[in-house]
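Chemist: Here it is, the structure in full.
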Amino acid sequence: MIKINIQRDEIIIKTEKLTKIYGSYCAVNNMELIVTRGAIHAFIGPNGAGKSTTIKMLAGAIRPTKGSACIGGKQAGSIAAGKLIGYAPENPRFNKGVTAYRYLIYMSMLCGEGYCNAKRKAAEMLDFFGLTRYAPWDAFKFSAGMRKKLSIAQALIHSPEVLLLDEPTANLDPDSRIELFGYLRDYAGKKGKTILISSHVLAELEHIADHMSIINKGELLLQGEINEIRGYMSKKIYSEEIPLTSKSITEISLEDIYSTAMNEEKL
Ligand code: ADP
């Protein structure tokens, strides 16, 4: 596994030999993931690579079979770690009989807000995600895209230090994607929060992520700061016939890095 520039900045997520075994199948294998504070960290890999399983372990939604995961020095799954994170799963589901507005108020109060503040925050989130007119709807009846938005809204409602987003743009319309990415960029850039985000749309991540990890078959292939990975990868991507300039390094896309890493693994 290639690690680039990961010790320079403060570490906020750290896993050690993190492993999840389902029956006889190892979904995540001895993962040593490091995410630095303030990063927008793209978590990339093919279907079935183990991204959701890793994110679920970080969120405390499932327990590791072996190894450990820490968020801000607190063990993932503990109450202390739970206060630091917001988690939007890949396929959010909501119980019958709870309106979107009530759900967000409840989630905000669970995070310690008083009723008045919780109502204000719920309204703000519904407004940002364009869900205000659906506030009285039973969230169980929401479309996939609306469920996604509501799930991201609940993840953000207490302004967590660490946001864990599993395929957040799946099912979102193009305008919502652009708005969400604008929001996330400010969330990390201006507020100094950390975002771990998985997506299959690498071109999308290209515009917001500054760090990345590539995972395949439950194992990390590469992790680090994207510009430094570009420098490292340029030696592999460009042949000797093509002169290497700083322009050509910045032109290396996440797609280039991804396919190079995946091809190397096959060798
Ligand atoms: P990704 O998010 O990268 O697509 P997942 O983490 O969802 O991958 O899944 C990794 C592997 O673990 C897949 O092969 C999947 O079938 C398997 N897996 C995930 N959840 C379970 C489960 N609850 N029981 C059995 N196998 C599972």
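Since every read-out is calculated from the coordinates, none of them should be taken as a lab result. Quick caveat, the model's predicted, so the values are computed rather than measured. With ideal geometry, Cβ positions are generated from the backbone for all residues, glycine too; neighbour counts draw on all protein chains shown.
Chemist: Could you give me the ³J(HN,Hα) list for the range 198-205, computed from phi with Karplus coefficients 6.51, -1.76, 1.60 and θ = phi - 60°, whole Hz, x at Gly and Pro?
Modeler: Per-residue couplings from phi come out as 9, 6, 8, 8, 5, 4, 5, 5 Hz.
Chemist: How do R63, R185 rank when sorted from fewest to most other Cβ atoms within 10 Å of their own Cβ?
Modeler: Fewest-to-most ranking of R63, R185: R63, R185.
Chemist: Let me ask you something else. Which value, in debye to the nearest 20, gives the size of the charge dipole of the chain about its Cα centre, when Lys and Arg are +1 and Asp and Glu are -1 at the Cβ? Write out the running numbers ahead of the final one.
Modeler: Numbers: 34 positive and 29 negative charges, 251 e Å.
Dipole magnitude for the chain comes out near 1200 debye.
Chemist: Follow-up. Which whole-Hz couplings ³J(HN,Hα) result when phi for each residue of the range 30-46 is put into the Karplus expression 6.51 cos²θ - 1.76 cosθ + 1.60, θ = phi - 60°, listed in order with x for Gly and Pro?
Modeler: Once rounded to whole Hz, the list reads 6, 6, 10, 8, 10, 10, 8, 4, x, 7, 9, 9, 7, 10, 10, x, x.
Chemist: Hey, another quick one. Report Rg (one decimal) and Dmax (nearest whole number) for the range 127-174, counting Cα atoms only, units Å.
Modeler: 11.0, 31
Chemist: On the Cα set of the range 6-45, report Rg and Dmax in Å, please.
Modeler: When restricted to the Cα atoms of the range 6-45, Rg and Dmax are 12.5, 38 Å.
Chemist: How far apart, in nm, are two points set 7 Å out from the Cα along the Cα-to-Cβ line at S248 and at K235?
Modeler: A separation of 1.5 nm, rounded to one decimal place.
Chemist: For K191, list the aspartates and glutamates whose Cα falls under 18 Å from its own Cα; do not include residues on the same chain fewer than 8 positions away.
Modeler: Partners found: D9, E10, E124, E161, E179, D210.
Chemist: Starting from 0.36 nm per residue, how many nanometres of slack lie between S143 and E10 once their C-alpha separation is accounted for?
Modeler: The S143-E10 span can extend by a further 44.0 nm.
Chemist: Report the extension gain between V201 and T65 in nm, rounded to one decimal, defined as 0.36 nm multiplied by the number of residues separating them, less their alpha carbon distance.
Modeler: That works out to 46.0 nm of additional length.
Chemist: Next up: So what are the range 97-248's ellipsoid semi-axes, whole angstrom, largest first, if each one is the square root of 5 times an eigenvalue of the alpha-carbon gyration tensor?
Modeler: In descending order, the three semi-axes are 37, 16, 14 Å.
Chemist: Among all the lysines, which ones have a C-alpha under 28 Å from K96's C-alpha, if same-chain residues fewer than 8 places away are not counted?
Modeler: Here the lysines satisfying the reach criterion relative to K96 are K56, K83, K119, K121, K141, K148, K149.
Chemist: Shifting gears a bit: To check my understanding: the extent here is largest minus smallest coordinate of the Cα atoms along each principal axis. What are those three numbers for the chain, in Å, largest first?
Modeler: Principal extents (largest minus smallest coordinate, Cα): 63, 40, 32 Å.
Chemist: Let me ask something additional. F140: net charge of surrounding residues, Cβ under 10 Å, Lys/Arg +1, Asp/Glu -1, itself excluded? Please list the in-between numbers first.
Modeler: Details: positive: R93, K96, K141, R147; negative: D138.
Net of charged neighbours comes to +3.
Chemist: For K235, go through the aspartates and glutamates and keep the ones whose alpha-carbon is under 14 Å away, minus same-chain ones fewer than eight residues off.
Modeler: E251, D256, E264
Chemist: Taking a ≥ b ≥ c as the square roots of the eigenvalues of the Cα gyration tensor of the range 78-137, is the shape rounded (a/c under 1.5), prolate (a/b larger than b/c) or oblate?
Modeler: Details: a/c = 1.77, a/b = 1.29, b/c = 1.37.
Since a/c reaches 1.5 but b/c is at least a/b, the shape of the range 78-137 is classed as oblate.
Chemist: Which order results if K83, K235 are arranged by neighbouring Cβ count within 10 Å, fewest first? Write out the running numbers ahead of the final one.
Modeler: On the way: K83 15, K235 10.
Ascending number of Cβ neighbours within 10 Å: K235, K83.
Chemist: Then there's this: Given the chain, what percent of its DSSP beta bridges are antiparallel, to the nearest 5?
Modeler: On the way: 21 of 41 bridges.
Counting only bridges with both partners in the chain, antiparallel ones make up about 50 percent.
Chemist: If neighbour count is taken as other Cβ atoms inside 10 Å, put F142, F128 in order from fewest to most.
Modeler: F128, F142
Chemist: Pairing the Cα long axis of helix 254-266 with the longest principal axis of the chain, what angle in degrees results, from 0 to 90 and rounded to the nearest 10?
Modeler: 60 degrees
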